[in-house]
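S.K.: Starting off with a structure, shown below.
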Amino acid sequence: MANQIFYTLFLFLLSTTMLTASSATTVAAGTSNSSVNFIQASCNATTYPTECVNSLISYADTIQTSPQRLAETALNITATEAQSTKVFVWQVGSLNALKKREIQAIKDCIVSIHDAVDDLTKSINEVKLCASAKGRDQFFSHMSNAQTWTSAALTNANTCSDGFAGQFMDGEIKNSVQTRIVNLGRITCNALALVNAFAKTY
């Protein structure tokens with residue numbers, strides 16, 4: 001029974017993720033080529049450019065050619081994915097017949113991802129404050145905070161993955177959680193790169 005619940009949950013969330021990824025590549029009619037080109041060029045400088053473009057291209061009208069809006073949008077997308085990942089891990093943890101080590105790893109992972117959501121929220125606020133920064137020092141103070149919080153979010157995502165290390169954790173639970181964590185890690189890494197790029201525009 002537990003396996004059936006798990007596979008149903010996993011397939012549903014997998015299909016949802018695939019649908020989201022697919023729709024993200026759709027460019028709205030009337031979107032300017034300059035916005036699309038800006039996103040593609042910016043994403044080419046990230047570690048995972050394909051994931052970067054796929055996650056941001058549907059927001060081209062909002063981003064236009066603004067490095068700040070690009071960084072802020074990337075952080076918002078990442079925060080949403082982190083929250084979704086936390087819910088997914090929590091749901092996996094509610095299944096029966098989990099190993100003792102899996103239960104502990106899931107509990108630790110939920111804490112780490114919760115912290116990542118908090119970190120990303122703080123980073124978003126700092127990037128927003130850059131718009132009203134009075135002078136170079138204030139701008140870079142906000143940017144430094146944003147870079148620190150986004151880096152912390154990436155560390156927390158990796159910490160979750162570390163909890164499932166080792167062959168004794170091999171199985172469906174580890175694979176499903178790590179799939180989500182890998183995706184979260186990649187878009188967080190990309191968001192950090194875009195935040196860093198925004199910092200260089202002053």
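Readers should treat all values here as calculations from the given coordinates under stated rules, not as data from a laboratory. From a predicted model like this one, the values you see are computed outputs, not experimental measurements. All Cβ positions, glycine included, derive from the backbone under ideal geometry; neighbour counts span all protein chains shown.
S.K.: Using a cut-off of 28 Å between alpha-carbon atoms, which lysines can reach K128, once sequence neighbours fewer than 8 places away in the same chain are excluded?
M.R.: K86, K200
S.K.: Where the centre of each part is set by its Cα atoms, how far does the stretch 99-161 sit from the stretch 180-202, in angstrom?
M.R.: 11
S.K.: Another question, then. Suppose each label sits 7 Å from its Cα in the direction of the beta carbon; what would the A45-Q64 distance come out to in nanometres?
M.R.: With each label point 7 Å from Cα toward Cβ, the separation is 2.0 nm.
S.K.: Under a point spin-label approximation (7 Å from Cα along Cα-to-Cβ), what is the K200-A133 distance to one decimal in nm?
M.R.: 1.5
S.K.: Another question, then. Stretched out fully, how many nm does the piece from D108 to S94 gain, at 0.36 nm a residue minus the Cα gap? Please report the intermediate quantities before stating the final value.
M.R.: On the way: separation 14, 0.36 × 14 = 5.04 nm, distance 1.41 nm.
Working it through step by step, the gained length comes to 3.6 nm.
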